[in-house]
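A.B. asks: Can you keep this structure in mind? I'll have questions shortly.
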Amino acid sequence: MNIKLFTGKKQRHANKRAVTMLEYLRRLDVAIHTEDLTVAYNNEPALWDIDMEIPKGVLMAIIGPNGAGKTTLLEAILGLVKPNAGHIHIFGKPSKKQRKFIAYLPQRTNVDWDFPISVLDMVLMGTYSSLGWIMRPNSASRRKALNALKMVDMDEFKDMQIGELSASQQQKIFLARALVQDADVFLMDEPFQGVDQATEKTIINTLRTLRDNGKTVAVVHYDLQTVTEYFDWALLLNVRRIAAGPVKEVLTEENLHLAYGGKSSFLSMEHTITSGRVKNQATAEKKDV
Amino acid sequence: MINAQMEIILTVCLTAIACAIPGVFLIFRKMSAYSCDINHSVLLGIVAAFFFVQWIDSPAIVFSAGIVAIVAVLFVEKINKTRLAKKDAIAGIVHPFMLSAAVIIISMFASRVSIDIDAALLGELAFTPLNRLQIMGYNLGPMALWQIGGLALLNIIFTFIFYKELKLSIFDSGFATTAGFAPKWIIYGLMVMVSFTSVAAFEVAGSIMTAGFIIGPAVIASYFTKRFRNLFFIAPAVGVISCLLGYKSAYLFGISIAGMIMTVMGAIFFLTFLFVPGMGVVAKTINKIKLKMEFSINILLVHLWQHEILGDSARKNSVDSVSVYLNWKSDFTESIIKQSMNEQLLGLNTEGVLFLLPNGKIRAQNILER
């Protein structure tokens, strides 16, 4: 029997165009979407066939156990690792030329903090992408950087060497650098890792301000207990996509069990307690009114 | 002869400047090993290039040797990427291989040519004025001077133009990628710079000294500033100072100039390493002792304060019992008590019991409130 695997070239192009058009219309309100995204290190998949969407204007948590591929997902979107298969679209177009819309906040440990630059210098780096090649930061960029430092309460440290800061302060200037980029989408890798309570509040408030200004924020997050409090959207991963959507729909007992296996019982219990607390608070507030 | 001396000094100073600039990037990229990779492949590069160009001392040989050196480094990188052997272990076998292969080729096929093995390893500055650049019968000065001077200029221009991109790629290459700056290519550019500089410096300083010329000034400079930009002024200055001092002493003792320069640079390194304010070993040790002293005073003050409140100060706070209760050696305790008394933090009453003075009380309270 003669099986024809491929249709003609013309037909294929037409199909592709029709599908692309449909997809485009369907995803007008999507900031980033991936389709059939597989990323592997030495043929060991870190992400398996991920279909996911980050809608415009959400504050999204990317959650999952260790080795779930959360960081890999961000790195694939940013082009830092090469996917083995699949597509990544940013604002409806292939990601390659769209990355200028994204600001990235890597894990704090990715950077050499002994590097001899000042806090202001580091935040100024956020303006480099809009400056392009060879152009130097000017007074306008400097003003922008100082504003961003003010937003995260770090302006008085502007002349210090970055290594002299505490972990929390380092995280805040990372955030300031991302703010300076004037991006539409912010991807952050564990911004709450190793920071104190006050800084955590500053960071989450800044993220909320961003979202309220119409920006899209996706955060790799490890603390399940604060997900409901901080975020309105969630993506649950464990190499494969488990669930995505509004936080309440994602963080169900069943999904958590799927993602975390047996280890989740404690965490999911915590979760019900947390959401219970939130509910109680809500009813209490209603009573007050 | 005075003229020849000036030429030698100028050549070696320009070498120092040309080498110091890429060195600053290398030490912060944690790539100091690159300069070793390149320096060990340069000789092989020159030998290989010689078979194509057949005209030693020409800029063409600098160019082709530079290319060969880069290929060699990429080759080492490729072996590294297979992860079948450890990186430093590979360097340990590949470096001697490249160096000895070059030496064997020289002695087998090119013994009549003027690549002298001693000169290849250490360089021979004293001979640089002998080989001169002549264009249309005009004598324009030593060839080496023009080569290394040109490279110094190229390095300065490259660094000036791509300063922002180089800084970003070295500091945070992930961010550089997302900002659209292709850090991979920037780093390749840096490698090309190191490679050509090494080849040109090879003639002046030899293959082993060149590594010192590249890394040394940058490391020394990094003790003096916390601003990346300043390194590009301090490192070349350190290089030039080492050259001038080294040349002077080599002239006095009648020994190898390059060798003496490296000795001076080594001495400068150890001196800064030990004595530079704030970051040197001595300053750090003194600071450590000071901090320990201060903290011990804090412990003592809190101890006294606690027991004055509890009311058992007669038993716990007497001069003799403090060292027992705090489990400190008695002479250490004595020095801490003396220091605190000097600072008007505590006093000693007639029964031999320590008590807090107002200053000491305030300090103890502040400590506990923090």
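A.B. asks: Tell me which lysines have Cα within less than 19 Å of residue B:87's Cα, excluding those fewer than 8 residues away on the same chain?
C.D. replies: B:30, B:78
A.B. asks: Starting from the amide H of residue A:234, placed 1.01 Å from N in the peptide plane, find each other amide H under 5 Å away whose residue is 5 or more places distant or on another chain.
C.D. replies: A:61, A:245, A:247
A.B. asks: On to the next question. Give the shape of region B:283-369 as rounded, prolate or oblate, defined through the alpha-carbon gyration tensor: a ≥ b ≥ c are the square roots of its eigenvalues, a/c under 1.5 means rounded, and otherwise the shape is prolate if a/b is larger than b/c and oblate if not.
C.D. replies: It is prolate, given that a/c is not under 1.5 and a/b is the larger ratio.
A.B. asks: Now for a separate question. How about region B:265-370: which GluC sites (Glu not before Pro) there lie in a loop by DSSP and see at most 11 other Cβ atoms within 10 Å?
C.D. replies: Working: sites: B:294, B:308, B:334, B:343, B:351, B:369; in loops: B:343, B:351.
Hits after loop and neighbour filter: B:351.
A.B. asks: Tell me which of B:295, B:319, B:362 sits at the most positive position along the dipole axis of region B:283-369, charges placed on C-beta atoms (Lys, Arg +1; Asp, Glu -1).
C.D. replies: B:295
A.B. asks: Tell me which of A:222, A:180, B:80 sits at the most positive position along the dipole axis of the protein assembly as shown, charges placed on C-beta atoms (Lys, Arg +1; Asp, Glu -1).
C.D. replies: The residue sitting most towards the positive pole is A:180.
A.B. asks: Which value, in Å² and to the nearest 10, is the accessible area of residue B:312 when all protein chains are kept and the probe is 1.4 Å?
C.D. replies: For residue B:312, the solvent-accessible surface is approximately 40 Å².
A.B. asks: Measuring from label point to label point, each 7 Å out along Cα→Cβ, what is the residue B:4 to residue B:185 span in nm?
C.D. replies: 4.8
A.B. asks: Also, quick follow-up: Using only Cα atoms, find the angle between the long axis of helix B:2-28 and the longest principal axis of chain B, and express it within 0 to 90 degrees, rounded to the nearest 10.
C.D. replies: 60
A.B. asks: Per residue of B:289-297, how many C-beta atoms from partner chains lie within 10 Å of its own C-beta, taken as a mean? Could you put the intermediate results ahead of the total?
C.D. replies: Working: counts 0, 0, 0, 0, 0, 0, 0, 0, 0.
For this peptide, the per-residue mean of nearby foreign Cβ atoms is 0.
A.B. asks: In what sequence, largest accessible area first, do B:164, A:82 appear using a 1.4 Å probe? Walk me through the intermediate numbers first.
C.D. replies: Working: B:164 5, A:82 170 Å².
Ranking B:164, A:82 by accessible area, largest first, yields A:82, B:164.
A.B. asks: Further question on the same structure: Is the shape of the protein assembly as shown best called rounded, prolate or oblate, per the rule: a/c under 1.5 gives rounded, else a/b larger than b/c gives prolate, else oblate, with a ≥ b ≥ c the square roots of the Cα gyration tensor eigenvalues?
C.D. replies: Here the protein assembly as shown falls in the oblate category.
A.B. asks: How far, in degrees from 0 to 90, does helix B:32-53 lean away from the longest principal axis of the Cα atoms of chain B, to the nearest 10?
C.D. replies: With both axes taken from Cα atoms, the answer is about 0 degrees.
A.B. asks: How high is the FRET efficiency between residue B:160 and residue A:113 when r is their beta carbon distance and R₀ equals 30 Å, given to the nearest 0.05?
C.D. replies: That gives a FRET efficiency of 0.70.
A.B. asks: Using a 1.4 Å probe on the heavy atoms of the protein chains only, list every residue of region A:97-130 that has 30 Å² or more less accessible area in the complete assembly than in its chain alone.
C.D. replies: Relative to the lone chain, where solvent access is computed with a 1.4 Å probe, region A:97-130 loses at least 30 Å² at A:104, A:111, A:112, A:115, A:116, A:125, A:128, A:129.
A.B. asks: Can you work out the accessible area per residue across region B:2-276, with the rest of the protein chains kept in place, probe 1.4 Å, in square angstrom?
C.D. replies: 45
A.B. asks: Within region B:336-370, which residues have the backbone N less than 20 Å from the label spot 7 Å out from residue B:319 along Cα→beta-carbon, could you tell me?
C.D. replies: B:336-358, B:360
A.B. asks: Out of all DSSP beta bridges with both ends in the protein assembly as shown, state the antiparallel percent to the nearest 5. Before the final figure, lay out each step's value.
C.D. replies: Details: 29 of 46 bridges.
Approximately 65 percent, going by the DSSP bridge assignments.
A.B. asks: So if R0 is 41 Å, what FRET efficiency would residue B:249 and residue B:344 give, r being the distance between their Cβ atoms, rounded to the nearest 0.05? It would help to have the intermediate numbers written out before the result.
C.D. replies: Values: r = 53 Å, r/R0 = 1.28.
In this case the efficiency is close to 0.20.
A.B. asks: Counting only other chains, and only Cβ atoms inside 10 Å, what mean value do you get across the residues of A:133-140?
C.D. replies: Shielding by partners across A:133-140 averages 2.
A.B. asks: If you don't mind, another one. If you take the accessible area of B alone plus A alone and subtract the pair, what total do you get in square angstrom, rounded to 100, with a 1.4 Å probe?
C.D. replies: 2600
A.B. asks: To continue, here is another question. Between 0 and 90 degrees, rounded to the nearest ten: what's the tilt of helix B:183-222 against the longest Cα principal axis of chain B?
C.D. replies: 90
A.B. asks: Which residues in region B:205-228 have a backbone N closer than 16 Å to a point placed 7 Å from the Cα of residue A:156 along the Cα-to-Cβ line?
C.D. replies: Within reach of a label on residue A:156: no residues.
A.B. asks: Pop the C-beta distance of residue B:362 and residue A:134 into the FRET formula with R0 = 45 Å and round what comes out to the nearest 0.05. Write down the numbers at each step before the final one.
C.D. replies: On the way: r = 57 Å, r/R0 = 1.26.
Efficiency, from the Cβ-Cβ distance: 0.20.
A.B. asks: Can you list the HN-Hα couplings for region B:334-343, worked out from phi with the Karplus curve (6.51, -1.76, 1.60; θ = phi - 60°), rounded to whole Hz and with x for Gly and Pro?
C.D. replies: 4, 5, 5, 4, 4, 4, 5, 5, 4, 8
A.B. asks: Using +1 on the beta carbon of Lys and Arg, -1 on that of Asp and Glu, and nothing else charged, what's the dipole of region B:2-276 about the Cα centre, debye to 20? Can you show the working numbers first?
C.D. replies: Values: 16 positive and 11 negative charges, 183 e Å.
Charge dipole, region B:2-276, about its Cα centre: 880 debye, nearest 20.
A.B. asks: Related question: Amide H neighbours of residue A:240 under 5 Å, counting only residues 5+ apart in sequence or on other chains, H built in-plane at 1.01 Å?
C.D. replies: Result for residue A:240 returns A:48.
The values are calculated or read from the model by the stated rules, or taken from the named source; none is laboratory data. Computed from a prediction, not measured in an experiment: that's the story for all the values here. All Cβ positions, glycine included, derive from the backbone under ideal geometry; neighbour counts span all protein chains shown. The area values use the complete protein model at the heavy-atom level, side chains included, leaving out ligands, DNA and RNA. Shrake-Rupley method; radii C 1.70, N 1.55, O 1.52, S 1.80 Å.
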